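Participant: Okay, handing you the structure first.
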């Protein structure tokens with residue numbers, strides 16, 4: 001569970017995340033009330049390729065790298081997120097995510113995420129657009 005101050009911070013950050021940008025304040029509060037928080041040390045693996053996906057992550061502080069093998073696919077920081085793909089298709093994680101500094105993330109479990117989606121059907125369009133954008137970026141990176 002998040003503290004009241006963390007919930008306020010999460011509610012203020014979520015509209016910057018494409019997945020949640022179309023939600024009203026009540027829905028954002030529902031997400032924040034369903035979320036947890038975890039801190040990772042620099043160098044610690046947050047997610048591993050092939051693992052079962054149980055959570056969506058929103059970075060509150062710190063930085064991470066998304067890696068496949070030795071290749072860095074993306075660098076993410078405060079206000080950015082990862083883990084949505086595996087939550088949507090119920091497939092294993094597609095990459096490793098490693099904290100590159102001490103990092104604090106808000107976690108939303110797959111069952112809480114499903115509840116948010118069921119309560120906000122319009123969010124599906126936003127999710128599709130974000131996934132397509134990320135796929136294009138990954139394709140470009142792999143082609144280089």
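Participant: Go through the range 14-59 and give me each residue that's more than 23 Å from residue 132 (Cβ to Cβ), outside any loop (DSSP other than H, G, I, E, B) and in contact with a strand residue (DSSP E or B) (Cβ under 9 Å, 6 or more places away or on another chain).
Facilitator: 32, 34, 36, 37, 38, 39, 40, 45, 46
Participant: Another question, then. Failed condition for residue 97, given (1) in contact with a strand residue (DSSP E or B) (Cβ under 9 Å, 6 or more places away or on another chain); (2) under 25 Å from residue 23 (Cβ atoms); (3) assigned to a helix (DSSP H, G or I); (4) at pLDDT 85 or above, with all others met?
Facilitator: (3)
Participant: Of everything in the range 20-60, what is in contact with a helix residue (DSSP H, G or I) (Cβ under 9 Å, 6 or more places away or on another chain), closer than 23 Å to residue 89 by Cβ and surrounded by fewer than 14 Cβ atoms within 10 Å (Cβ to Cβ)? Give them in sequence order.
Facilitator: Of everything in the range 20-60, those that are in contact with a helix residue (DSSP H, G or I) (Cβ under 9 Å, 6 or more places away or on another chain), closer than 23 Å to residue 89 by Cβ and surrounded by fewer than 14 Cβ atoms within 10 Å (Cβ to Cβ) turn out to be 21, 22, 51, 52.
Participant: Which residues, taken from the range 61-98, are touching a residue at least 60 places away in the same chain (Cβ under 8 Å), over 14 Å from the mean Cα position of the chain (by Cα) and surrounded by 16 or more Cβ atoms within 10 Å (Cβ to Cβ)?
Facilitator: Listed by number, the list holds a single entry, 73.
Participant: Select, from 101, 124, 110, the only residue that is at negative phi and exposed (fewer than 13 other Cβ atoms within 10 Å of the Cβ).
Facilitator: Only one candidate qualifies: 124.
Participant: State all residues of the range 135-144 that are in a helix (DSSP H, G or I) and either exposed (fewer than 11 other Cβ atoms within 10 Å of the Cβ) or free of Cβ contacts under 8 Å to residues at least 60 places away in the same chain (or both); if no residue qualifies, say none.
Facilitator: 135, 136, 139, 140, 142, 143
Participant: Here is a follow-up. Looking only at residues in the range 9-19 that are more than 13 Å from residue 117 (Cα to Cα) and in contact with a helix residue (DSSP H, G or I) (Cβ under 8 Å, 6 or more places away or on another chain), which one is surrounded by the most Cβ atoms within 10 Å (Cβ to Cβ)?
Facilitator: Here is the first cut: in the range 9-19, the ones more than 13 Å from residue 117 (Cα to Cα) are 9-18.
Those left that are additionally in contact with a helix residue (DSSP H, G or I) (Cβ under 8 Å, 6 or more places away or on another chain): 10-11, 14-15, 18.
Working: 10: 22, 11: 20, 14: 24, 15: 13, 18: 16.
This residue is 14.
Participant: Of the residues that make up the range 82-92, is at least one in contact with a strand residue (DSSP E or B) (Cβ under 7 Å, 6 or more places away or on another chain), under 25 Å from residue 24 (Cβ atoms) and either at pLDDT 85 or above or part of a loop (DSSP other than H, G, I, E, B) (or both)? Lay out the reasoning, then the answer.
Facilitator: Let us first name the residues in the range 82-92 that are in contact with a strand residue (DSSP E or B) (Cβ under 7 Å, 6 or more places away or on another chain), namely 82-84, 87.
Still in the running and under 25 Å from residue 24 (Cβ atoms): 82-84, 87.
Subsequent filtering for residues that are either at pLDDT 85 or above or part of a loop (DSSP other than H, G, I, E, B) (or both) retains 82-83.
Yes; the residues of the range 82-92 include at least one that is in contact with a strand residue (DSSP E or B) (Cβ under 7 Å, 6 or more places away or on another chain), under 25 Å from residue 24 (Cβ atoms) and either at pLDDT 85 or above or part of a loop (DSSP other than H, G, I, E, B) (or both).
The values are calculated or read from the model by the stated rules, or taken from the named source; none is laboratory data. What you see is a predicted model; the values in this text were computed from it and never measured. Please note: Cβ atoms are built from the backbone with ideal geometry, for glycine as well, and neighbour counts cover all protein chains shown.
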